[in-house]
Amino acid sequence: METGKPERTLVRAGFVLFLLALFTGVAIPAFLNQKMALAAHLTGVLNALVLIALGLAWGLVALGPVQARLTMGVFLYGTYVNWGTTCLAAAWGTSRLTPLSGAGYSAAPWKELVVQVLLLSLVLAMITGALLVVYGFRPSASRARAGLPRTIA
């Protein structure tokens, strides 16, 4: 089965993130906040699955070249930054934006700010990516992919 570059890139990136998440799971006892480290492990596993699923569905998503590059970029950014930021939060003991997993911990204000900025940026990236994928699955796009004429619904 021959797959295109975006599909292979996304699936490979998903498995790399899955491997990183497994290593994070093994390292949980070494983190300052072990509950947050568990969250980082689970976040990595789930985000790896998102990348793998997107890679497998990539051929079904009807996007222009710029939209496709943007979608791939924001998903790669969002998934890896989500895992990495949660690892940072576990190592530093931040809690401002993660009150459940971070309960009982606090970190220097600059560390809290770094985690906040990264979390907010990845949320925007993931929302953008999800909206683009939903747009890529719009009914008129699936009709065009199948070579059918557009209809007014």
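Counting each DSSP H run of 4 or more residues in the chain as -39500 (n - 2.57), what helix-only mean residue ellipticity at 222 nm follows after dividing by all residues, to the nearest 500 deg cm²/dmol?
Per the formula, -25000 deg cm²/dmol.
Below 14 angstrom from the Cβ of ILE52, what's the summed charge of the other residues (Lys, Arg +1; Asp, Glu -1)?
+1
Under unit Cβ charges (Lys, Arg +1; Asp, Glu -1), what dipole magnitude, rounded to 20 debye, does the stretch 1-136 have relative to its Cα centre?
100
Starting from the Cα of ALA57, step 7 Å along the direction of its Cβ; do the same at LYS5; then give the gap between the two resulting points in nm.
Each label point is offset 7 Å from its Cα along the Cβ direction, giving 2.4 nm.
Picking from THR43, THR24, SER121, whose Cα lies most toward the positive end of the charge dipole for the chain (charges on Cβ: Lys, Arg +1; Asp, Glu -1)?
Selected residue: SER121.
In whole Hz and in residue order, list the ³J(HN,Hα) couplings for the stretch 71-82 that follow from phi through the Karplus curve 6.51 cos²θ - 1.76 cosθ + 1.60, θ = phi - 60°; x for Gly and Pro.
Going residue by residue, I get 4, 4, x, 5, 5, 4, 4, x, 6, 6, 5, 4 Hz, with x marking Gly and Pro.
No lab work stands behind these numbers, since they all come straight from the coordinates. Bear in mind that the values here come from a model prediction, so they are computed numbers and not experimental data. Ideal geometry is used to build each Cβ from the backbone, glycine not excepted, and the neighbour counts take in all protein chains shown.
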